[in-house]
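The values are calculated or read from the model by the stated rules, or taken from the named source; none is laboratory data. Fair warning: this is a prediction, and the values are worked out from it, not measured in the lab. Using ideal geometry, Cβ is built from the backbone for each residue, glycine included, and neighbour counts are taken over all protein chains shown. Heavy atoms of the whole protein, side chains included, go into the accessibility calculation; ligands, DNA and RNA do not. Shrake-Rupley method; radii C 1.70, N 1.55, O 1.52, S 1.80 Å.
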Amino acid sequence: MKIDQLYKLFEESYLIDTDTRKIREGSLFFALKGENFNGNSFAISALENGAKFAIIDELKYHTHPNTILVPNVLETLQSLANFHRKKLNIPIIALTGSNGKTTSKELINAVLSKKYKTTATVGNLNNHIGVPLTLLSITSTTDIGIIEMGANHLKEIETLCKIAEPNFGYITNFGKAHLEGFGSVEGVIKAKSELYDFLKKNGGIAFVNTDDPLQIKQSEKINSIDFNNKIIQFIEANPFVKVLFKSTEIESNLIGKYNFNNIAAAISIGNYFNVSLNKIKEGIENYTPSNNRSQIIEKGTNKIILDAYNANPSSMSAALENFNQLKATKKVVFIGDMFELGSESLIEHQKIADLVSSYNFNKVYLIGKAFSTTSAKNAFIYDSFEAFKTSNLTLNISHATILIKGSRGMALERILDFF
């Protein structure tokens, strides 16, 4: 079946499902494959649960008149998403970067939705499956689409841009993330800059943080809207980030100076799209982080900064630097391993151990296999969360400001149970 024919079926419901446990009546079920499952085997179940058609790519499962056989289900999903995107006469803003993608996306959405009907990536569904699904969720009532793009290898952002065809783009930063896949920081820069390459080739516009020399260099010869600390001024982050724009003070619910650029980008993009200053302020100030991203949690007499969604050397360094600058009399740090660093893992973990040792924190806990190979002055070191748990069934910590940060796989939010 050709894409234009499949699109006519899609137009009957505008619903795409990939999980038989969440089938919506009249949807198209795409039988995607994963490491531990074959969606083809669930095609009949999807039809029985309410899907109108099931898109499959293995002949032996073509046993029902409403199964549609295609060469490759994933590629068909991506092609359908691109076909749909071409039908949409709206701005698409794509964003990527090593740190802050999801927070930036949420802030941009919070600001733009004050004036426009927006559709944005849900959570961090930002890969070769999530981007097509986000595009296919955009309806005729949407004014602006906001697409987050993640990658851990070269050419991934290029592929996602070909699917989404963004008119606008924003790269948060270039940092030490996914070094195992990119090979080096140079690889990170090249991979993330694939968004700039697409915008340059297609006459798009980039929002560029000109306080970052790398962003200036990588965005050369691209139409750009610039922002920096002179246009949007940083006031403080103690603990919440406060900025000044056009003589108006905006106080966010985000902690850490490292979130200033995320806020500034949202303000700049809102301003470009003619969102009023009052509405920009309202959007920023009403946004509250969740899902273990820079949350502030009060437990007993302790104030806990929970930033356990993800971590890499760049974000970890920024978090520790910010935590050191906070005005608090008693500070305690729990940090966990940073994943996907490849051959640089031991070096990067020792750098963080050295950094945290250089600060005068009251207590430091390093948790994980990688951190267990490091040396750090006056730190409690555990080779796993289980080892930490065994030694600390209860934590005798009170009246403290606490930072919890680590990669998602460490699930350090479990530490909250100890207070």
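Return one whole number: the accessible area per residue of region 239-364 in Å², for a 1.4 Å probe.
Using a 1.4 Å probe on heavy atoms only, each residue of region 239-364 averages 41 Å².
Dipole orientation for the chain: of the candidates 39, 131, 239, 239 has the Cα lying most toward the positive pole (charges on Cβ; Lys, Arg +1; Asp, Glu -1).
Placing +1 on each Lys and Arg Cβ and -1 on each Asp and Glu Cβ, with no other charges, gives region 199-257 a dipole about its Cα centre of roughly 300 debye. Highest mobility in the GNM of the chain, judged by mean-square fluctuation with C-alpha springs under 10 Å and restricted to 337, 212, 307, is found for 212. Note on surface exposure: 20, 63 rank 63, 20 by accessible area, highest first, 1.4 Å probe.
Note on the chain: with a GNM built from Cα contacts shorter than 10 Å, the maximum mean-square fluctuation among 293, 85, 24 falls on 24. Take the chain, connect every pair of alpha-carbon atoms lying under 10 Å apart with a spring to form a Gaussian network, then pick out the residue of 15, 59, 88 with the largest mean-square fluctuation. Per the Cα network of the chain with a 10 Å cutoff, 59 tops the list. Taking the accessible area of the chain, probe 1.4 Å, and keeping the other protein chains in place, the carbon and sulfur fraction comes to 47%. In plain terms, the bigger the Kirkwood radius, the slower the diffusion; for region 275-401, with that radius from Cα pairs, at 4 °C and 1.567 mPa s, Stokes-Einstein puts D at 81 µm²/s. Kindly identify region 198-253 as rounded, prolate or oblate by the Cα gyration tensor criterion: order the square roots of the eigenvalues as a ≥ b ≥ c, call it rounded if a/c is under 1.5, otherwise compare a/b with b/c, prolate if a/b is larger, else oblate. It comes out prolate by the Cα gyration axes. For a modelled paramagnetic label at residue 238, 7 Å from Cα along Cα-to-Cβ, the residues of region 387-419 in reach, with backbone nitrogen under 20 Å, are 400-403.
Using only alpha-carbon positions, what ratio does the radius of gyration of region 44-92 give when scaled by 2.2 N^0.38 Å? Don't jump to the answer; show the numbers that get you there.
Details: Rg = 13.5 Å, N = 49, 2.2 N^0.38 = 9.7 Å.
With N residues counted in region 44-92, Rg over 2.2 N^0.38 Å equals 1.40.
In plain terms, the chain is cut at each of the GluC sites (Glu not before Pro) found in a DSSP loop with at most 11 other Cβ atoms within 10 Å, and the longest leftover piece is 221-419.
What do you get when you divide the Cα radius of gyration of region 138-252 by 2.2 N^0.38 Å, with N the number of residues? After normalising by residue count via 2.2 N^0.38 Å, the value is 1.20. Take the alpha carbon gyration tensor of region 7-64, find the square roots of its eigenvalues, order them as a ≥ b ≥ c, and report rounded if a/c is under 1.5; if not, report prolate when a/b exceeds b/c, else oblate. Prolate.
The ratio of the alpha-carbon radius of gyration of the chain to the globular-protein estimate 2.2 N^0.38 Å is 1.05. Cα gyration tensor of region 241-320, axes a ≥ b ≥ c as square roots of the eigenvalues: rounded (a/c below 1.5), prolate (a/b > b/c) or oblate? It comes out prolate by the Cα gyration axes.
Given a Förster distance of 41 angstrom, what is the FRET efficiency for residue 13 paired with residue 186, based on the Cβ-Cβ distance and rounded to 0.05?
It comes to 0.35.
Using the Cβ-Cβ distance between residue 389 and residue 36 with R0 set to 35 Å, the FRET efficiency works out to roughly 0.80.
Computed about the Cα centre, the dipole magnitude for the chain is approximately 720 debye when only Lys and Arg (+1) and Asp and Glu (-1) carry charge, each at its Cβ.
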